[in-house]
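Visitor: One structure, as structure tokens, below. Some questions next.
The values are calculated or read from the model by the stated rules, or taken from the named source; none is laboratory data. Nothing here was measured: the structure is a model prediction, and the numbers come from that model. Cβ atoms come from the backbone with ideal geometry, glycine included; neighbour counts cover every protein chain shown.
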Amino acid sequence: MLEIGQQNDKWAFHIIDLFIQHNITKFWIAPGSRSTPLTLAIASHKKADTTIHFDERGLAFHALGYSKLHKEPVVIVVTSGSAAGNLLPAIMEADQSQLPLLILTADRPPELRDCFANQSIDQVKIFQNFTRWQVDIPCPTSSISLNYIRSLISFAAEKTKSGPVHLNCQFREPLFNNLSTYPSIPKTTYISADHVLHDKDLLKIAGTFSKEKKGLIILGNLPADQVKDVYTFASTINWPIYADITSQSRCFEKHELELCQMPNLLKIDSSLFEKVHNVIQFGDRIVSKAVNNWIKKAKLHNYFLVSSTEKRVDEFQLVSCRVNCSPTQFCRQLSPLIHASKQSDWINELQEANNKIAKQIKLEIDHFASLTEPFIHHHLGENFPANTGLFLGNSMPIRDAHAFFFSKNKPVSIQTSRGVSGIDGNIATTFGLANALSLPIISIIGDLTFL
């Protein structure tokens with residue numbers, strides 16, 4: 001019996017220590033008995049940074065909010081039974097948003113499975129297709145080399161870079177012994193190479209777009225550090241830009257080619273875009289229904305989608321070329337090969353129409369200054385505090401912000417939960433974002449979302 005507790009201590013220590021060797025130091029813990037070995041290993045490690053909360057569902061969304069900002073792996077630790085099931089909504093969102101969550105669920109040993117033992121359910125691959133990898137770790141034993149743990153944890157740390165990973169950890173009683181200190185075992189190192197475009201592909205793409213005088217650049221869901229490279233590319237190719245609210249573009253000064261009012265332009269005079277047959281979209285799907293409907297109806301000759309996600313991003317089955325690399329990589333490699341077209345009367349016409357609509361919206365909202373959703377978002381943009389983040393809930397808040405929120409003081413970050421576009425866990429996600437920012441954050445959510 002003594003050996004069981006010692007083996008639990010040893011394996012739990014190495015699991016946590018190996019994560020920390022991979023610079024994964026943030027741990028979110030929900031109380032529970034079966035997860036005691038993991039909790040004690042985290043508590044005793046000097047480099048572990050812990051957040052504790054009694055509700056697994058809220059805990060998971062809090063961790064997701066933190067990961068959403070930094071795009072760094074975080075670890076969630078829960079006990080067995082329904083505790084694991086409570087994590088599912090956050091894992092679904094992390095899967096669709098490609099956020100790195102490492103899920104450690106404690107579990108009963110094999111002899112207590114499928115026999116109606118207390119607090120025992122089938123946890124093996126419980127999260128199904130919402131994970132990048134999942135494994136059922138056997139009960140700690142001296143008959144299995146620690147090289148198994150080293151290989152397994154190092155692989156998990158690598159796989160979670162693109163989404164959730166689930167490790168189901170079996171523990172027999174007694175759950176722990178004396179919390180001995182163990183010497184570290186070295187991690188397995190993974191080297192990942194960025195997707196780089198080959199010369200022949202670069203020349204083909206450059207040749208295609210150098211011939212086209214009318215095109216549109218769409219900014220979908222993008223990390224903030226990639227926006228400026230896309231802006232530089234847009235200036236080179238001299239195509240107008242439509243930037244989605246999820247693109248982080250509103251954290252920067254407006255680009256001279258940006259059409260903030262494109263959805264309204266399409267509603268008022270769609271003929272302005274009739275001869276646009278070429279689109280380059282950077283990042284994932286966009287919010288605007290008007291622009292999405294235009295994409296579906298436009299007779300595009302070329303629809304390039306540039307994204308490093310592993311997901312199939314082609315909602316309307318119209319993408320003619322999917323470029324699997326980061327937008328930054330694409331823009332930096334392609335810009336020197338593009339022969340830009342000169343400023344055209346068409347772009348001038350678009351910009352004049354865009355500015356006219358923006359001015360008219362402001363006049364209307366200022367004139368009818370009543371407490372409406374458009375007024376709230378417009379007023380918030382006019383008076384947004386400096387050094388503050390913004391979180392937008394789904395349904396109407398994000399659509400209203402998309403149409404009316406244009407701030408003078410730029411938000412530090414604009415975040416959403418558009419993976420599965422759910423309304424649950426938004427408050428916990430906001431607190432996780434605030435924790436990651438270490439700055440104030442304004443959250444705009446609906447009444448049902450709040451409840």
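Visitor: If I filter segment 331-345 for residues that are surrounded by 16 or more Cβ atoms within 10 Å (Cβ to Cβ) and within 23 Å of SER97 (Cβ to Cβ), do I get at least one hit?
Guide: Initially, segment 331-345 is screened for residues surrounded by 16 or more Cβ atoms within 10 Å (Cβ to Cβ), giving 331, 333-335, 338, 341.
Okay, now just the ones that are also within 23 Å of SER97 (Cβ to Cβ), so 331.
Among the residues of segment 331-345, at least one is surrounded by 16 or more Cβ atoms within 10 Å (Cβ to Cβ) and within 23 Å of SER97 (Cβ to Cβ), which makes the answer yes.
Visitor: On to the next question. Need the failing condition index for PHE330 against (1) farther than 30 Å from ASP284 by Cβ; (2) among the hydrophobic types (A, V, I, L, M, F, W, C); (3) in a helix (DSSP H, G or I), just the number.
Guide: Only one criterion is unmet by PHE330, namely (1).
Visitor: Let me ask something additional. Which is in contact with a strand residue (DSSP E or B) (Cβ under 6 Å, 6 or more places away or on another chain) and either free of Cβ contacts under 8 Å to residues at least 60 places away in the same chain or over 27 Å from THR388 (Cα atoms) (or both), of PHE273, PHE316, PHE304, PHE282? Break it down into steps so the answer makes sense when it comes.
Guide: Values: PHE273 fails: in contact with a strand residue (DSSP E or B) (Cβ under 6 Å, 6 or more places away or on another chain); PHE316 fails: in contact with a strand residue (DSSP E or B) (Cβ under 6 Å, 6 or more places away or on another chain); PHE282 fails: either free of Cβ contacts under 8 Å to residues at least 60 places away in the same chain or over 27 Å from THR388 (Cα atoms) (or both).
Selected residue: PHE304, the only one of PHE273, PHE316, PHE304, PHE282 that is in contact with a strand residue (DSSP E or B) (Cβ under 6 Å, 6 or more places away or on another chain) and either free of Cβ contacts under 8 Å to residues at least 60 places away in the same chain or over 27 Å from THR388 (Cα atoms) (or both).
Visitor: Related question: State all residues of segment 379-394 that are of a type outside the set (A, V, I, L, M, F, W, C) and in a helix (DSSP H, G or I); if no residue qualifies, say none.
Guide: HIS379, GLY381, GLU382
Visitor: Right, something else. Would you say LEU265 is part of a loop (DSSP other than H, G, I, E, B), hydrophobic (A, V, I, L, M, F, W, C), surrounded by 14 or more Cβ atoms within 10 Å (Cβ to Cβ) and touching a Leu at 6+ places or on another chain (Cβ under 9 Å)?
Guide: On the way: part of a loop (DSSP other than H, G, I, E, B): no; hydrophobic (A, V, I, L, M, F, W, C): yes; surrounded by 14 or more Cβ atoms within 10 Å (Cβ to Cβ): yes; touching a Leu at 6+ places or on another chain (Cβ under 9 Å): yes.
So LEU265 does not fit the description; no.
Visitor: Now, a different point. If you check LEU167 against the conditions, is it modelled with pLDDT of 95 or more, more than 29 Å from SER82 (Cα to Cα) and buried (at least 19 other Cβ atoms within 10 Å of the Cβ)?
Guide: Against the criterion (modelled with pLDDT of 95 or more, more than 29 Å from SER82 (Cα to Cα) and buried (at least 19 other Cβ atoms within 10 Å of the Cβ)), LEU167 does not qualify.
Visitor: Could you list all residues from segment 425-444 that are surrounded by fewer than 19 Cβ atoms within 10 Å (Cβ to Cβ) and in a loop (DSSP other than H, G, I, E, B)?
Guide: SER438, LEU439, PRO440
Visitor: What are the residues in segment 414-424 that are assigned to a loop (DSSP other than H, G, I, E, B), buried (at least 21 other Cβ atoms within 10 Å of the Cβ) and either aliphatic (A, V, I, L, M) or outside the structural domain of GLU373 (by TED's automatic domain parsing) (or both), if any?
Guide: none
Visitor: For residues that are among the aliphatic types (A, V, I, L, M) and touching a strand residue (DSSP E or B) at 6+ places or on another chain (Cβ under 7 Å), tally how many sit in segment 97-151. Can you show your working first?
Guide: Narrowing segment 97-151 to residues among the aliphatic types (A, V, I, L, M): 99, 101-104, 106, 112, 117, 121, 124, 126, 135, 137, 144, 146, 149.
Right, trim to touching a strand residue (DSSP E or B) at 6+ places or on another chain (Cβ under 7 Å) and you get 101-104, 106, 124, 135, 137.
Qualifying residue count, segment 97-151: 8.
Visitor: When you go through (1) of a type outside the set (Lys, Arg); (2) touching a residue at least 60 places away in the same chain (Cβ under 8 Å); (3) farther than 13 Å from GLY65 by Cα one by one for THR416, which number turns out not to apply?
Guide: Evaluating THR416 over (1) of a type outside the set (Lys, Arg); (2) touching a residue at least 60 places away in the same chain (Cβ under 8 Å); (3) farther than 13 Å from GLY65 by Cα leaves (3) as the failure.
Visitor: Now for a different question. Does ILE153 fit the bill of being closer than 22 Å to TRP28 by Cα and over 21 Å from the mean Cα position of the chain (by Cα)?
Guide: Considered against the rule, which asks whether it is closer than 22 Å to TRP28 by Cα and over 21 Å from the mean Cα position of the chain (by Cα), ILE153 comes out as yes.
Visitor: Among PRO374, PRO411, PRO397, which is the only one that is part of a loop (DSSP other than H, G, I, E, B) and not aromatic (Phe, Trp, Tyr)?
Guide: Values: PRO374 fails: part of a loop (DSSP other than H, G, I, E, B); PRO397 fails: part of a loop (DSSP other than H, G, I, E, B).
Going through PRO374, PRO411, PRO397 in turn, just one is part of a loop (DSSP other than H, G, I, E, B) and not aromatic (Phe, Trp, Tyr): PRO411.
Visitor: Enumerate the pairs (first residue in segment 202-220 and assigned by TED's automatic domain parsing to the domain that holds SER335 and modelled with pLDDT of 90 or more; second residue anywhere and charged (D, E, K, R) and not in a helix (DSSP H, G or I)) with beta-carbon separation below 7 Å, excluding pairs fewer than 6 apart on the same chain, so at least 6 apart or on different chains.
Guide: LEU219/ASP244; GLY220/ASP244; GLY220/ASP284; GLY220/ARG285
Visitor: Further question: Which of the residues spanning segment 236-253 are among the acidic types (Asp, Glu) and crowded, with 19+ Cβ neighbours inside 10 Å? Write out each step before concluding.
Guide: Applying the first criterion (among the acidic types (Asp, Glu)) to segment 236-253 yields 244, 253.
Once the filter is applied, which keeps residues that are among the acidic types (Asp, Glu) and crowded, with 19+ Cβ neighbours inside 10 Å, segment 236-253 yields only ASP244.
Visitor: Right, next: With acidic (Asp, Glu), more than 18 Å from PHE233 (Cβ to Cβ), over 22 Å from the mean Cα position of the chain (by Cα) and exposed (fewer than 15 other Cβ atoms within 10 Å of the Cβ) as the only criterion, which of GLU256, GLU310, GLU349, GLU315 stands out?
Guide: On the way: GLU256 fails: more than 18 Å from PHE233 (Cβ to Cβ); GLU310 fails: over 22 Å from the mean Cα position of the chain (by Cα); GLU315 fails: over 22 Å from the mean Cα position of the chain (by Cα).
Only one candidate passes the filter, namely GLU349.
Visitor: Next question. Tell me yes or no: at least one residue of segment 192-204 is surrounded by 14 or more Cβ atoms within 10 Å (Cβ to Cβ) and assigned to a loop (DSSP other than H, G, I, E, B).
Guide: yes
Visitor: Give the residues of segment 23-82 that are surrounded by 19 or more Cβ atoms within 10 Å (Cβ to Cβ), in a loop (DSSP other than H, G, I, E, B) and of a type in the set (A, V, I, L, M, F, W, C), sorted by residue number.
Guide: ILE24, ALA30, ALA48
Visitor: Still on this structure: Across segment 120-142, which residue is modelled with the lowest pLDDT among those that are out of contact with any helix residue (DSSP H, G or I) (no Cβ under 7 Å at 6 or more places or on another chain), more than 14 Å from ILE153 (Cα to Cα) and surrounded by fewer than 16 Cβ atoms within 10 Å (Cβ to Cβ)?
Guide: Result: GLN128.
Visitor: Something else about it: So for segment 92-115 (the condition being surrounded by fewer than 17 Cβ atoms within 10 Å (Cβ to Cβ) and touching a Pro at 6+ places or on another chain (Cβ under 7 Å)), does at least one residue qualify?
Guide: Among the residues of segment 92-115, not one is surrounded by fewer than 17 Cβ atoms within 10 Å (Cβ to Cβ) and touching a Pro at 6+ places or on another chain (Cβ under 7 Å), which makes the answer no.
Visitor: Here is a check on your reading of the model: is THR388 β-branched (Val, Ile, Thr) and loosely packed, with under 15 Cβ neighbours inside 10 Å? Can you show your working first?
Guide: Details: β-branched (Val, Ile, Thr): yes; loosely packed, with under 15 Cβ neighbours inside 10 Å: no.
For THR388, the condition - β-branched (Val, Ile, Thr) and loosely packed, with under 15 Cβ neighbours inside 10 Å - is not met.
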